[in-house]
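Read-outs throughout are calculated quantities, based only on the coordinates presented, and are distinct from any laboratory measurement. Here the structure is a predicted model, which means the values were calculated and not measured. Here the Cβ is made from the backbone with ideal geometry for all residues, glycine too, and neighbour counts use every protein chain on show.
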Amino acid sequence: MTSFTASSSSLPPEQDVVMVGLELERKRCRHLCRTDLHWLLVHGLKRKDCDNDWVRERCAEVQDDPDGYLDLWAREHYKSTIITFGLTIQNILNDPDITIGIFSHTRPIAKAFLKQIKREFETNDTLKGWFPDVLFADPVKHSPKWSEDEGIIVRRTSNPKESTVEAWGVVDGQPTAKHFQILVYDDVVTKESVSTPEMIEKTTESLRLSYNLGTRNGKRRMIGTRYHFNDSYRLVLDSGTARPRIYAATIEGTVDGEPRFLTREKLAEKRADMGPYVFGCQMLQNPVADQVQGFKKEWLRYAAAPTRGHNTVILVDPASTKKKLSDYTAMWCIGLGPDRCVYVHDMLRDRLNLTERAETLISWHRKWKPMAVGYEHYGMQGDIEHIRYEMEHQNYRFDITELGGTQPKNDRIRRLIPWFEKGRIYLHPKLVKTNYEGKEVDLTKTFIEEEYLAFPVAIHDDMLDALARFLDEDMPIAWPLQAEEFEPDEPLESGRNPITGY
């Protein structure tokens, strides 16, 4: 559409008035597109489905403070429409020289976002009429670059090597020697990105690497939904890389809470279709929100284990490799108290080879003099043979109970739930150990953050599984009988640990 200019000398008065009116209307629409994100979506981009209070409120919030956030909103709550689509277009209309990189887990996902913007600039004649100084009438013919592979370029006065908008993958095919003023991350975390610990690590490291594709004073926006308790978004939040802006499908963030946008009937339908785990991730932004069989923070108890009056037990869940992303060898020394509670004397969560596992177990046995040692034997027959060889070599012998069974691991771990719920397991307030990388780690805090609170979707659950083994029928254990002679150390007040903060 050609820009209208009033000219009373060449037009009849009545036509002149019409042209002036049209020009004023065009200026009004340009101004509203640039300053009112909700108006741009509904009227400029013709998204009548956005004409509701929820989208209006989120548009105002995002426009007022658009950058530096990790926006975790429930599915179908318009986060990509508002931020990746609408806000990106508004930025271009305000500054045609801007460069924006859209990043997703893989490049095809990012291209889908670019394709939506590209198609809008090709087919929206109303928008092109309002902004002929920004948008080409026929971009396919006149734009220097106009494709999903190379990106799209609008009318601009500068000539950076980056297109106006480009689409790239975080884990596959990141660009080189490019720097964008705005980095938009949408759907970096997907179902595939949390399929294995190795994939989570790869996604996280690739995300960190992509930050170098911004400019010195560049901006970042992250949009997504949760797929796992320990996904890359958790690192983003824990490290302070982005501020959280979280909108679960319900105000309380619970399955039966008050809906924010979708109807209660629609949410019930989605939960039935998705199942509890996916619903918790996608709609509640909490991978464990809908898992009634998880552990709760308020069940945690702490006490320094007494030095007498306990029957001690050692439990071992071995791992056969020291690779960085493999499972850990987990060991516990617990004390069975005369109060029928379990107290943690010692813990280990590390990557050990066969020799190190044997040496650690024997040294623990010398120190704690346990009444029983339980050792998970899945694929670990070589462990038992080597440990017995070391016993002969050191002339120090003890019985080992090999533990197995066909019960699924999560079901085995869930046996601990009533023990924690009733306050019958006391963790040590702080147990600091140096791991295989030479780093000091508070194992109490690690256990709580990475396994206890994350169950049943933790990346690793080796410590939980090992601890649960004291409940195996094959374990030859007994509780102390002389309860009246035992004066336990004063346990810490239940609830928050003053050292770990939990």
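Quick notes
- Once backbone amide H atoms are built at 1.01 Å from N, residue 302 has 427, 492, 495 as its partners under 5 Å, excluding neighbours fewer than 5 places away on the same chain.
- Rg to Rh quotient for the chain, alpha carbon positions, Kirkwood Rh: 1.13
- Distance from the Cα centroid of the stretch 390-428 to that of the stretch 85-139 is 58 Å (rounded to whole angstrom).
- Using a simple spin-label model with pseudo-atoms 7 Å out from Cα toward Cβ, residue 264 and residue 434 lie 5.9 nm apart.
- In sequence order, calculated HN-Hα J values of the stretch 221-230 (Karplus, 6.51, -1.76, 1.60; Hz; x Gly/Pro): 9, 10, 9, x, 9, 7, 10, 7, 4, 9
- Reachable lysines from residue 161, criterion Cα separation under 27 angstrom, eight or more residues apart if same chain: 111, 115, 118, 128, 141, 145, 178, 219
- Translational diffusion of the stretch 61-247 was estimated from the Stokes-Einstein equation, with Rh taken as the Kirkwood radius over Cα pairs; at 10 °C and 1.306 mPa s the coefficient is 95 µm²/s.
- 0 to 90° range, to nearest 10: angle between helix 381-394 axis and the chain longest Cα axis: 50
- Straight-line cross-link reach from residue 270 at under 26 Å between alpha-carbon atoms covers these lysines, not counting any fewer than eight positions away in the same chain: 48, 79, 191, 296.
- Residue-span extension gain [residue 392 to residue 49] - 0.36 nm each, minus C-alpha spacing: 115.9 nm
- Cα-projected label distance for residue 371 with residue 97, points at 7 Å along beta-carbon direction, nm: 7.9
- Between 0 and 90°, nearest 10: helix 107-123 axis offset from the chain longest Cα axis: 20
- Principal axis dimensions, largest first and in whole angstrom, of the stretch 297-485 by Cα: 41, 38, 35
- DSSP bridge pairs, the chain: antiparallel proportion in percent, nearest 5: 40
- The chain, relative contact order [Cα under 8 Å, separation at least 6], %: 13
- Angle between the chain longest axis and helix 53-64 axis [Cα atoms, degrees, rounded to 10]: 90
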